[in-house]
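Since the structure comes first, as structure tokens, the remarks are kept for the end.
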Amino acid sequence: MAAPRDTLGRPIRDLRISVTDRCNFRCPYCMPKEAFGPGHAFLAEGRLMTAGELVRLVRAFAGLGVEKVRLTGGEPLLRSDLPALIAAIKQEGIHDVSLTTNGWFLAKQASALRAAGLDRNNVSVDSLDEGVAGRMNGLGFSVARVLEGIDAAAAAGLPVKVNCVVQRGVNEGGVLDLCAYFRERGHVLRFIEFMDVGTTNHWLPAQVVPSRELVERVAAVWPLEPLGPLYRGEVAARYRYADGRGEIGIISSVTEPFCRDCHRARLSADGQLFTCLFAAAGTDLLGLVRSGAGDTEVAGKVAAVWAARSDRYSEERAALPPAPRPRVEMSFIGG
Ligand SMILES: C[S@@+](CC[C@H](N)C(=O)[O-])C[C@H]1O[C@@H](n2cnc3c(N)ncnc32)[C@H](O)[C@@H]1O
Ligand code: SF4
């Protein structure tokens, strides 16, 4: 089947899959305790994609030009079949399989993930300060254990990048400490602007620290030089330390949106296809698979949805704040 292009000419290149909507953390910017407490209805086990169903969907995307798959959530390491899932996705010819995790269970699982064929690993660390980190994961979990997970991943041969969501007045004071720590260990640190995903995180524009400001702060201590993108559509703008000690990245989805180069499809934990992180509704692919549809029919559905795609939410937000509207939560759609 021909690789589709959307109404803005964008091909489909990468796929992000939320393998579970559950998480052991309650980061207030993602799954605030008040909204994701005991009363929250997580997906029942039977509504989650099984590994077999998920691999069938990956096959459809691979046939349409998808080359990279990122497994995320929720917290993907809560799924015990993750290594088997990774191995099966690699078998579909996906050359780049990566994982985004909060790192809590990483030390135990890193070797198995690498052995299964995982290519790369992103670990979220918002602060090295135990008090700040504990507040930012909502439950007081120790960042020391996450750092051990990163060491284990590196020892297992996994390239590690570190994701840090920066919030004004919350963790911005620890940015230089993070740079110093990860520079020392050779891991790329990426600052992510706090985004208005979902409807529960009480996002306000004033809580966003523009990435440019962070670059200036870092460069005042360790001079930085801009690097070109490694490929079209790379979401992080990259900078190298002028002293040769590695690089940082910035993901400026609020202040410098990159919708025009967005080649990303998303699968929610219950197998719905979303064509934008800020979408309100998806297309039920899992239902199609469960109704007995063949690979060609599934791929045809994906191609049709992609061909009709016109999403450019972040650019619209930058031009004129959009009216409030329903949006799915990041843990469900996959961050
Ligand atoms: C939703 S999480 C899922 C994977 C895993 N639980 C983790 O935290 O790495 C994926 C990424 O999204 C980021 N994220 C979550 N909510 C965000 C928000 N409102 N704005 C920007 N990034 C956010 C997290 O910091 C994390 O790096
Ligand atoms: S950012 Fe990741 S670790 Fe934090 S609540 Fe969301 S899914 Fe969980």
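The values are calculated or read from the model by the stated rules, or taken from the named source; none is laboratory data. This is a predicted model, so every value here is computed, not measured. Every residue, glycine among them, receives a Cβ derived from its backbone with ideal geometry; neighbour counts consider all protein chains shown. Remember, those area values only see protein heavy atoms, side chains included, never the ligands or the DNA or RNA. Shrake-Rupley method; radii C 1.70, N 1.55, O 1.52, S 1.80 Å.
Restricting the range 1-19 to residues that are within 15 Å of ligand 1 (Cβ to nearest atom) and open to solvent by 10 Å² or more (accessible area, probe 1.4 Å), the residue that is modelled with the highest pLDDT is Arg16.
Yes/no matrix, rows are residues, columns are (1) open to solvent by less than 20 Å² (accessible area, probe 1.4 Å); (2) in contact with a Lys or Arg (Cβ under 6 Å, 6 or more places away or on another chain); (3) basic (Lys, Arg):
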{"position": "His263", "(1), (2), (3)": "no, yes, no"}
{"position": "Phe278", "(1), (2), (3)": "yes, yes, no"}
{"position": "Gly292", "(1), (2), (3)": "no, no, no"}
{"position": "Thr296", "(1), (2), (3)": "no, no, no"}
{"position": "Ile333", "(1), (2), (3)": "yes, yes, no"}
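Out of the residues in the range 155-194 meeting the condition of being charged (D, E, K, R) and closer than 28 Å to Asp119 by Cβ, tell me which one is most open to solvent (accessible area, probe 1.4 Å). Filtering first and then ranking leaves Glu184.
It is to be established whether one or more residues within the range 129-139 are surrounded by 15 or more Cβ atoms within 10 Å (Cβ to Cβ), within 14 Å of ligand 2 (Cβ to nearest atom) and within 22 Å of Arg114 (Cα to Cα). For the range 129-139, residues surrounded by 15 or more Cβ atoms within 10 Å (Cβ to Cβ), within 14 Å of ligand 2 (Cβ to nearest atom) and within 22 Å of Arg114 (Cα to Cα): absent.
When you scan the range 27-39, do you find a residue that is within 16 Å of ligand 2 (Cβ to nearest atom) and of a type in the set (D, E, K, R), even just one? Yes, the range 27-39 contains a residue that is within 16 Å of ligand 2 (Cβ to nearest atom) and of a type in the set (D, E, K, R). Of the candidates Gly131, Gly173, the single residue that is of a type outside the set (Phe, Trp, Tyr), more than 25 Å from Ala242 (Cα to Cα) and assigned to a helix (DSSP H, G or I) is Gly131.
Looking at the range 35-50, can you tell me whether even one residue there is open to solvent by 10 Å² or more (accessible area, probe 1.4 Å), of a type in the set (Gly, Ala, Ser) and touching a Pro at 6+ places or on another chain (Cβ under 6 Å)? Taking every residue of the range 35-50 in turn, none turns out to be open to solvent by 10 Å² or more (accessible area, probe 1.4 Å), of a type in the set (Gly, Ala, Ser) and touching a Pro at 6+ places or on another chain (Cβ under 6 Å). Among the residues of the range 224-261, those identified as assigned to a strand (DSSP E or B), surrounded by 15 or more Cβ atoms within 10 Å (Cβ to Cβ) and in contact with a Lys or Arg (Cβ under 8 Å, 6 or more places away or on another chain) are Leu224, Tyr241, Glu247, Ile248, Gly249, Ile250, Ile251.
If you go through the range 82-99 and keep only what is buried (at least 20 other Cβ atoms within 10 Å of the Cβ), under 9 Å from Leu113 (Cα atoms) and without any contact (Cβ under 8 Å) to a residue 60 or more places away in the chain, you end up with just Ile86.
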